[in-house]
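Peer 1: After the structure tokens below, expect a handful of questions from me.
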Amino acid sequence: MINIRTYCEEDLTSLTELMHDLGYPTTVERMRKRMSFIENIPLQFTFVATREERVVGMMGIRQIYSYEEDGITTQISLLVTKKEYEGQGIGRSLVGFAEEWALGRGSNLLYLTSGIRPERIRAHEFYKSIGFDTTGYRFVKKLER
């Protein structure tokens with residue numbers, strides 16, 4: 001059975017491993033610093049999926065009041081499942097949780113962004129299979145001093 005709960009500091013090692021699985025290797029200390037900052041941002045939340053008390057997935061959510069239309073929009077800012085647990089319903093459970101969570105907080109739209117790298121193709125197919133539509137592009141510019 002998959003359980004979803006709010007992140008706690010004891011999850012740091014697992015979150016660090018999940019970031020590696022997502023393609024963003026980091027250290028526990030760097031992740032601790034990130035999470036300390038993220039936890040203090042209003043309307044930004046981190047959830048973990050567990051199976052038999054082991055963290056097997058992670059999701060970041062943030063709520064935004066939209067410029068384009070009236071109402072609150074919810075973004076899944078991060079979604080990752082432990083590699084060895086992919087295809088076992090964990091991502092689907094996390095997104096289902098996000099949908100109910102967002103509706104319960106008055107959101108009228110749920111969206112996510114994903115890179116267009118070859119290793120993300122399976123994720124894109126998954127998002128489409130659970131009802132997400134491709135609606136645009138994300139443009140990124142790295143800033144340097």
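Only the coordinates and a few stated rules stand behind these numbers; no lab work does. All values reported here derive from a predicted model rather than from experimental measurement. Every residue, glycine as well, gets a Cβ built from its backbone with ideal geometry; the counts of neighbours run over all protein chains shown.
Peer 1: In whole Å, how far is the Cα centre of the range 87-145 from that of the range 1-33?
Peer 2: Comparing the Cα centres of the range 87-145 and the range 1-33, I get a distance of 19 Å.
Peer 1: In addition: Report the relative contact order of the chain, percent, no decimals, based on alpha-carbon pairs under 8 angstrom and at least 6 residues apart.
Peer 2: 19
Peer 1: Right, another one. Once you put a point 7 Å from the Cα of Ile130 and another 7 Å from the Cα of Glu9, both along the Cβ direction, what distance in nm separates them?
Peer 2: My value for the distance between the label points is 3.0 nm.
Peer 1: Let me check I've understood the local charge: for Asn40, count other residues with C-beta under 15 angstrom from its C-beta, Lys and Arg +1, Asp and Glu -1. What total comes out?
Peer 2: +2
Peer 1: Sticking with this structure for a sec: Considering amide H positions built from the backbone, and no H for Pro or chain starts, which residues 5 or more places from Val56, or on another chain, come under 5 Å of its amide H?
Peer 2: Hits under the 5 Å cutoff: Ala49, Thr50, Arg51.
Peer 1: Let me ask another. State whether the chain is rounded, prolate or oblate according to the following rule on the C-alpha gyration tensor (a ≥ b ≥ c being the square roots of its eigenvalues): a/c under 1.5 gives rounded; otherwise a/b larger than b/c gives prolate, and the remaining case gives oblate.
Peer 2: rounded
Peer 1: Using θ = phi - 60° and the Karplus form 6.51 cos²θ - 1.76 cosθ + 1.60, what ³J(HN,Hα) does each residue of the range 96-105 get, whole Hz, x for Gly and Pro?
Peer 2: x, 4, 4, 4, 5, 4, 5, 4, x, 10
Peer 1: Using Cα springs under 10 Å in a Gaussian network model of the chain, which residue among Pro118, Pro42, Pro25 shows the largest mean-square fluctuation?
Peer 2: The residue that fluctuates most here is Pro118.
Peer 1: Could I ask something else about it? Taking only DSSP H segments of four or more residues, each worth -39500 (n - 2.57), what value at 222 nm results for the chain once the sum is divided by all its residues, to the nearest 500 deg cm²/dmol?
Peer 2: Result for the chain: -10000 deg cm²/dmol, rounded to the nearest 500.
Peer 1: Whole-Hz Karplus ³J(HN,Hα) for the range 34-42, in order, using 6.51 cos²θ - 1.76 cosθ + 1.60 and θ = phi - 60°, x for Gly and Pro?
Peer 2: 4, 5, 4, 5, 4, 4, 9, 8, x
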